[in-house]
Structures are given as structure tokens and as C-alpha cells.
1. Taking amide H positions as placed in the peptide plane 1.01 Å from N, state which residues far from residue 74 in sequence (5 or more) or on other chains have amide H under 5 Å from it.
2. Grab the eigenvalues of the alpha-carbon gyration tensor for the range 12-239, scale each by 5, take roots, and send me the semi-axes largest first in whole angstrom.
3. If neighbour count is taken as other Cβ atoms inside 10 Å, put 131, 228 in order from fewest to most.
4. Of 188/296; 165/218; 96/165; 23/117, which ones are farther than 25 Å apart at the Cα?
5. Within 10 Å of each residue's Cβ, count the other Cβ atoms and sort 140, 208, 121 from fewest upward.
6. Need one number: % antiparallel among DSSP beta bridges in the range 12-239, to the nearest 5.
7. Label points 7 Å out from Cα along the Cβ direction at residue 169 and residue 150: separation in nm?
8. Restricting the calculation to Cα positions, tell me the Rg (one decimal) and the Dmax (whole number) of the range 75-119 in Å.
Amino acid sequence: MPETNKQHKDRLFKFIFGNPDHKEWTLSLYNALNGSHYDNPDDIIFNTIEDVIYLGMKNDVSFIIGFVLCIWEHQSSYNPNLPVRFLIYVGRLYDKYLTDNNIYRYGTVLHKLPKPKCICFYNGTADQPEETILRLSDAFEDDGITPDIELTVRMVNINYERGKKLMELSRPLEEYAWFIDAIRRNQKVMGSLDEAVDAAIDDMPEDFMLKKFLVAHKAEVKGMYLTEYNEEKERALARQEARKEGHAEGLAEGLAEGLAEGRAEGRAEGRAEGRAEGHVEGFSDAMKSVASDMLKKNLPVSLIKEISKLSESAILNIAQSLGITAL
């Protein structure tokens, strides 16, 4: 069984397809992806970076076979920034390759390097095509200048009903996809994710090559899947919170701008003070809502006062009603 790095928990995908004790599963998936016919699992040399999580990121599986450097990552949400992340991974892997092979990188002789193949395995619930090519150059400004660096990531959809062509060529992948799909179906019925994982393992057909492995490591498998599920849920909540913050900030800016326009218009007509007060009064409820949102985010009273145009005492009263200590 692969040793789990103390700095992070392995993903279930890596536990299966990056397992030194079961290179045959990795080889099956590699052949399916590349139309190759390798038949010796020992041709695979894992070189996954395990020592640190670089900038909070890690690659799930990487290995060399023949003279090809494979970098695999599993994702349960679509991420258009994958190419730049792979760029970081690949750079570190080549640095490790040069060091491990005592290659002098400053010499006058050209040293051949294994060709990189970057793959993202997507099995999120949002609909995605069977296959997508993501390019680093998509992140660059379109200013007519040709970039000197390009990197592509092949994102393949491995959801059970979407990646059938690939699964026909790799039985371990098909069984893995069936397992994830079974967990999701069970959870809709049972509610409990813990029970859903148990039921998926129990219901897995006896002739599945992964079943014995999953049963033997049932506790670890459950822990990995539950961790992945919770991480994805946290990311979804973070995205939702970011949208709310953006909405609140936009509303505050819009109201502040509206007030400024109202005051300017009033001054032009010689009724500045009266128009400003009327404008504030009309927006008072909205302003209080904005101030409440900003207090909940622990923003300082001075900033809330500037944006909401409410008095400091009014803001403090709102904070007291919310049970919040204003900064």
C-alpha cells in the first residue's frame, strides 16, 4: 500500500491509479489514453512529487514510461487555470529529472528529455464534453504578440455515462467510474454519504478487479472520498460567498454613486441639501442592509460609514442589533 504523505491525504484516484503495488491499473489507463500496447507494468517509473505541496498544489500522479513524462490530475470541478498549474508541476518534475540523472543543464550538449503528456481526469457533476483541450495561451492577452510558451492539458470526462469510449479500453477506469457513480446514486436515496460509500462497495460486482482492493482498504477509501467531498463542498461555498460579496460590494458602490449623482443634481438646482436628505431617506433600508452585510464581514466602521453614508451611531446600533462588536 502506498505511504500517505503526512502533509495531505491522497485522493482516491491516486490511491488506485498511482499505486506502486498495482501498476497494471496505471498501465491499462495509459494504453487506453495513448493507443499504446505496453504489457509490462514495471515499465512505469513513478516520480510523483510527494515531499511538499508547492503553492498549496500537488499533482496526483506522475510517472515516466518509455521516454514519456505523464502528469495526471483528477478534478471534480472545471478549472480553466489547469495549464498554468501543470506548467508549475512540469517545471519541478524536469528539475527533479535533471538532478536524479546527474544531467548538467549548463553544458553545450543538448540533453534529450522525456516528452510531457498532461492529462486532467474530470468527474464533476457539472456537464462537460467528453474531451476538452485547455491551453496556457488562452490566459494571455490577445494583443497580437505570439507567446513563447505554450502548454496544453487534455481534459477527459470520466463520468460513468460520458467516458464510455475510454472505459471500453480500460477496465480499471470503468470500475472506478462505476464506483463513483454508485456512491452518488446511493447518496440521493440514503442521504448519508458514509452509508452511500459502504453500499457502493457492497454492491460492486464480485468480478470487478477493484473490489478486493476497495474492501481491503475500506476505511481509507471512505476517508479519502469523504475528504474530497467535503473539500469540494467547501470550494462551492467559497464560490457562493464570493458571489455574495461581489453583489454586496456592487450594490454598495451603486448606491453610493447614486447618492453622489443625486447630490450633484440637487446642487445644480440650488436644492442640494434637501435633495441629498431625500435621496438618503429613500435608500435608508437598502443602506442598512448593506451596512449589515459589511458588519458581518468584520469591515471597519469608517469604511461602512463612507460607503453607506449612514452615521456612525446608526451603524453602531445595527451592529448591536446583530450582536456584533463593531471595529
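Throughout, read-outs are computed from the coordinates displayed, never taken from laboratory work. The model shown is predicted, which means the values in this text are computed figures rather than measured ones. Methodologically, a virtual Cβ is constructed for each residue, glycine included, from the backbone with ideal geometry; neighbour enumeration extends over all protein chains shown.
1. Correct list: 60, 121.
2. Calculated on Cα positions only, the semi-axes equal 32, 22, 17 Å.
3. 131, 228
4. Over 25 Å apart, Cα to Cα: 188/296; 165/218; 96/165.
5. 140, 208, 121
6. Taking every DSSP beta bridge with both residues in the range 12-239, the antiparallel ones total about 50 percent.
7. 2.3 nm
8. For the range 75-119, the Cα radius of gyration and maximum Cα-Cα distance read 13.8, 44 Å.
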